[in-house]
1. For TRP1158, only one of the following conditions fails: (1) surrounded by 12 or more Cβ atoms within 10 Å (Cβ to Cβ); (2) more than 30 Å from ASN366 (Cβ to Cβ); (3) at pLDDT below 80; (4) of a type outside the set (Ser, Thr, Tyr). What is its number?
2. Within the range 716-737, identify whether any single residue is of a type in the set (Phe, Trp, Tyr), closer than 30 Å to VAL1131 by Cβ and crowded, with 18+ Cβ neighbours inside 10 Å, and answer yes or no.
3. If we keep just the residues of the range 990-1012 that are surrounded by fewer than 17 Cβ atoms within 10 Å (Cβ to Cβ) and either free of Cβ contacts under 8 Å to residues at least 60 places away in the same chain or small (Gly, Ala, Ser) (or both), which is nearest to PRO1090 (Cα to Cα)?
4. Taking only the range 235-256 into account, find how many residues are among the hydroxyl-bearing types (Ser, Thr, Tyr) and under 12 Å from PHE308 (Cβ atoms).
5. Would you please name the residue that is nearest to GLU674 (Cα to Cα), looking only at residues in the range 1103-1132 that are of a type in the set (S, T, N, Q) and modelled with pLDDT under 80?
6. Would you confirm whether any residue within the range 76-89 is under 21 Å from ASP142 (Cα atoms), outside any helix (DSSP H, G or I), touching a helix residue (DSSP H, G or I) at 6+ places or on another chain (Cβ under 8 Å) and at pLDDT below 95?
7. Tell me, yes or no, whether the range 1056-1070 has at least one residue that is without any contact (Cβ under 8 Å) to a residue 40 or more places away in the chain and not in a loop (DSSP other than H, G, I, E, B).
Amino acid sequence: MIPALANQDPASIRAQAVKELNDGNYRDALNLFKKLLHEKVLDDEKLGNDFMQAVSCIQQLNVYPEFNELAEKAVETHPANWRLLEAVARSYVSMPKYGFVIDGEFQRAARRNSGQPKHSTERDRIRSIQLLLQAEPFAKEDDDRAAVGQLYMYLANSFLNHRGYQESWRLQVLIDLDTLPDYEPGYYYGRAVSSAPVNDEGSPLVYSAVENLEDAENDGERWRWALNQAIEMHTSSRHSAEWHFATFLHQQFGVQTMQYYFPAQRDTDAAEENRNGRFALDSLNDKETIAQLATGVKRFEMDDEFNFIKHFRRILNEAGHVYRESAASQIGSIYTNRRQFTRAADHWREMITKFNVPARHYFRTNLDQIVGNYGMFEHINGQSITDPKLGFRFRNATGVSFTAQPINVEKLLADVKAYLKSSPMRLDWNRVQLQNIGWRILNQDLAKYVRRDNDTKWHVDLEPRDGHYDKREIVDVPLENAGAYWVTGKVDDGNTANSLIWLYDTAIVKKALAGGNLYFVCDAETGQPIEEIKLDFFGYRQLNTKEGTYRITSTEFSTVTDGNGQVFPEASKMPTNHQWLITAKDNDGRFAYVGFQGVWFANRHDPIYNSTKVFCITDRPVYRPEQTAHFKLWLRRAQYDQDDDSQFANASCRIEIYDGKNEKVYSTTGKADEFGGIETNWDIPEDATLGVYRVHVHGIAGTGNRLQISGGNSFRVEEYKKPEFEVTVEAPSKPVELGEIITAKVNAKYYFGSPVSEATANIKVTRTSYHQNWYPDAHWDWCFGRGYWWYCYDYPWYPGWHEWVGCLRPYPIWAPYHDAAPEVVLDLETEVGPDGTISFDIDTSIAKELHGNTDHRYTVTAEVRDKSRRTIVGSGEVLATRKPFTVFTWLDRGYYNVGDTIQATFKAQTLDQRAVKGSGKLTLYRITYKDGKPVETTVRKWNIETNDLGDSAQKIAASKPGQYRLSLTLEDEHDHEVEGGYIFTVRGREFDGRDYQFNDLELIPDKREYKAGDKVKLQINSNRRGATVLLFVRPTNGVYFRPKIIRLKGKSTVEEILVVKKDMPNFFVEATTVFDGRVISQTKEVVVPPEKRVLNVQVIPSAEEYLPGEDATVRLHVTDINGDNFEGSTVVSVYDKSVEYISGGSNVPDIKEFFWKWRRNHRPGHQTNLGRPGYNMYKNGTTGMTMLGVFGHTVADDYSGANDAKYKTANAPGLARRSMSRQSSYILQDTAEMASPAQGQALGGGLGGGG
């Protein structure tokens, strides 16, 4: 209980309040603090602390709705107590911002999760500034100058919204400090903008200091005024303000602002040309910088007043400045980030002489990283034993000594097994972890498995770059035996780096079969199966005993591979609750392992499409209260071999409607007609809840084999009205050339015609790489996606492919795909002009410089808020293209046999799919290879013209086997010349592809679609002669049948697969092969469409346009797949399309897709011993090589020359194709004269060169 307060003096009340707080009596303490704050019992400098302790009680009690009353009544009682005012101001900023409007009042952080959600973010910030400015004149009279200086610092931070430097856009405007803004709807998620704002000329926006606060024209000048007041007030606050301002400038304009956009220069010529260009960091002087601004990356000079380097140097040169050491560190980091490593080193040397021991250690560490000899291993995956290599990155070093020591992996695994067989009471997980062998060798107990008596040593001379720049060396590894090796690289007079590398001669590949597993063992280099090699299977599990302890049990068995290198272990021998280690060993020294890993024996489920569907269509997607919603339902069993008679004729079902609160608002029983259709309607009441409504249909139909009915749809009920103003974005309607500057404009206009002038706008422009993803139309695009039939593989290794390729191979539906995050290239927070417009430029030259090998889409989003705080969003986009148009080329079959007729088709169109009419030359090249390089020999040429749709076609006789490329070079009316091409093969009787080059593995069917009884003639290509291919037919959901082993004589063969009715609508084939130390898989979806189940509907209006009030007649014509008239039930819905602005689009799905868009799924997968990664490692307590600055990870690439080209192309040793050298230029021979037959002739010339 609290003692009576009537006769207590204020000091006793304060002491009692503190005691209650410390004792955890928060409510009693709060009441006592309220007496001090809300009554004029005293008015001293401790009231600010009293208020903060009262806030602590509110936090402990979780009664945030009481905060506003506590704060405002305290301010009202003590309006001249500046320390209290400051405390209240600080508390407004720290309080929770979310809440609910309940009974007309905002309840901060209310527990009740009802009412209208609001947030007080901006309101609290402005109230905090008001209180600080109220306190300021009283604070200036206080003798505690240090405390007053901190008040000014807090005021300066308030103008930045206490969010560091990412919200500097707020400084552009002069906020109204006399009126508190309303609470804003929803929740606040922040609006951090990392790029510095710019002025109308595109230069970085900076703010000058003003003499008086009243003279400030924006919050930036208010911020500078507050900083200047702090500087004048006291030494400590001066130091804080100077550091604050210098750091602000650095955060806004330092080179680190573009770390997400910094390019890797492509070649030495580009690096030289760009020496003083946009990204040439090392050429900057102290007056210059390169920064990511709101409008993009810009190089510019800094005035002395805003030069952060000068400000840091001024702090550094002032003895006794509290931030002197921090300034020294910042200057060194600035030069390092600028890649001016020599200047950074000189700076660190100078700082070592100026500072005491603790600082000197940090400075020496930074200096040593720049001038010392350092090296490290690049990340590398395991490789085959043939020609292994390492990537080694170094700095300053002139040589490195390597030591490779074999690891006795067999002994290590034997010890792990022995440990598990000993049945330990509790499993030491560290002893069975086989994924971190390298780290355990370096820092724990596995060093004993390194065979130090059998090491291989070699030395590599290095040529370091001047200026302490990193360089990469591709190192030949002189090892001849497979296995794991502990490799150390001792840099001459430098550090030691370590890595674990794996060299393979034997591969183990595991695939999950129906009811079992396949283990395929083969040579890691050639892929040839290894027969009769012994496989040992060892499994263990951890059991919980009744006594609460643990027990380890294990089991093991052995077997040998068959003649095809395969093992199919019996499921009974491999319990799925065990973890398994599988080792393969023969008498010739081969040894490989996989594990530990779990196993599972899946029952292959081949799904058959048999689903009950309820299709629901409403007469419009959105309604107002008091309107009538009309519904039409169709009940149907979707099954390919189903009879046309409806199984739901005369069926009854319940039809229910639920509102957004999931409350049932309507229920009725419906009876289906002969087609399984039901019609009903619902009169929407006047007081209907607004939002999304759900229609639910359920019931059971039929007798005997009864069918479950379940389905429905949704619609909206809204009291909608048009917004009061609109925002539009004007941008070029046609693609612009990449590298140009795009001028765009935002228009904000009230619907009554006047411009929205007193408004602010946030304009954001994002860039993404853009691909047309265009494919020729095919009948089953709606079901399988555009390009489902595309035959040709991507050949990025073929010279010039990136320039003439049209359609890229569609991304498989089973492969993970992640779009790159959009890059923000412009982010403006600005005022709308008096005419309601804002004009701005988008510089595409940055994208051309960084990503010049692709097209781009720039998306503009403009968010305009008028003086009534209403917000409307408008958007637009513009495309930037590398070339004026694209020529697409495709053929009617996957490959051809001698004697076939090739139907080649072409389409020319711009990036936004506008047809291009033009003329050009079609050339047929025969491809041969010399020293791994393609040699193109001209077979025949034709004159070609594209029509008004951009289309053209040519028939060609396939008369000679081989590999060919079609090339159409087309010229448009503006003299733009563009090439389109396509590579294909023609097979002959003895064709095995041995003389040609392909991707590592290819699966190419002979035609687009199949029907029951057809044979898929699947061409299998590999880029290795004599490869062994495991062909899996009809895998489903990652589960396989036993494969067919195909041993290629050359590089290509054709395998036939019979199609059966059960294959509708699709099935998969998957091929797996091994070579060059890699497992390579390809999967192809074979399409077997259910044609008889799809109808064609023509909608034929009596006119294209009608006047308001005019009668319109519409005729529907329904035909089946053969074009014959079809009789059935039809429903037509007609509504004003503008209502879809409210609903977000139609609520009725495409009926074809709803009933028949179903496909079998498959996700390819395997497990293997290949590809184990190797990382650079350092022993604990040692110093290793670190990246210099925020761009240090790209230094080796950005300054690379010819010596690094191989590594940059291959990406990493062990991942590179051994045949990457064929990316070099090819030889073009022309041995045939020009032929100019009429376009479209029946046979325009054979592949053998004859007409």
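1. All conditions pass for TRP1158, except number (3).
2. Within the range 716-737, the subset of a type in the set (Phe, Trp, Tyr) is 720, 725.
Applying the additional criterion that residues be closer than 30 Å to VAL1131 by Cβ yields 720.
Remaining after also requiring crowded, with 18+ Cβ neighbours inside 10 Å: none.
Scanning the range 716-737, I find no residue that is of a type in the set (Phe, Trp, Tyr), closer than 30 Å to VAL1131 by Cβ and crowded, with 18+ Cβ neighbours inside 10 Å, so the answer is no.
3. By that ranking, first place goes to ALA1012.
4. Narrowing the range 235-256 to residues among the hydroxyl-bearing types (Ser, Thr, Tyr): 235-237, 240, 247.
Still in the list and also under 12 Å from PHE308 (Cβ atoms): 247.
Summing the residues that are among the hydroxyl-bearing types (Ser, Thr, Tyr) and under 12 Å from PHE308 (Cβ atoms) in the range 235-256 gives 1.
5. Going through the range 1103-1132, the residues of a type in the set (S, T, N, Q) turn out to be 1113, 1119, 1122, 1125, 1129-1130.
Within this subset, residues satisfying the condition of being modelled with pLDDT under 80 are 1122, 1129.
Working: ASN1122: 24, SER1129: 9 Å.
Filtering first and then ranking leaves SER1129.
6. No; the residues of the range 76-89 include none that is under 21 Å from ASP142 (Cα atoms), outside any helix (DSSP H, G or I), touching a helix residue (DSSP H, G or I) at 6+ places or on another chain (Cβ under 8 Å) and at pLDDT below 95.
7. Pass one, the range 1056-1070, residues without any contact (Cβ under 8 Å) to a residue 40 or more places away in the chain: none.
No, there is no match, as no residue in the range 1056-1070 is without any contact (Cβ under 8 Å) to a residue 40 or more places away in the chain and not in a loop (DSSP other than H, G, I, E, B).
Okay, residues lined up against (1) under 16 Å from ASN1176 (Cβ atoms); (2) crowded, with 16+ Cβ neighbours inside 10 Å; (3) free of Cβ contacts under 8 Å to residues at least 12 places away in the same chain:
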residue	(1), (2), (3)
LEU446	no, yes, no
ASP466	no, no, yes
VAL475	yes, yes, no
ASP493	no, no, no
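The values are calculated or read from the model by the stated rules, or taken from the named source; none is laboratory data. Because the structure is a prediction, the values reported are computed rather than measured. Every residue, glycine among them, receives a Cβ derived from its backbone with ideal geometry; neighbour counts consider all protein chains shown.
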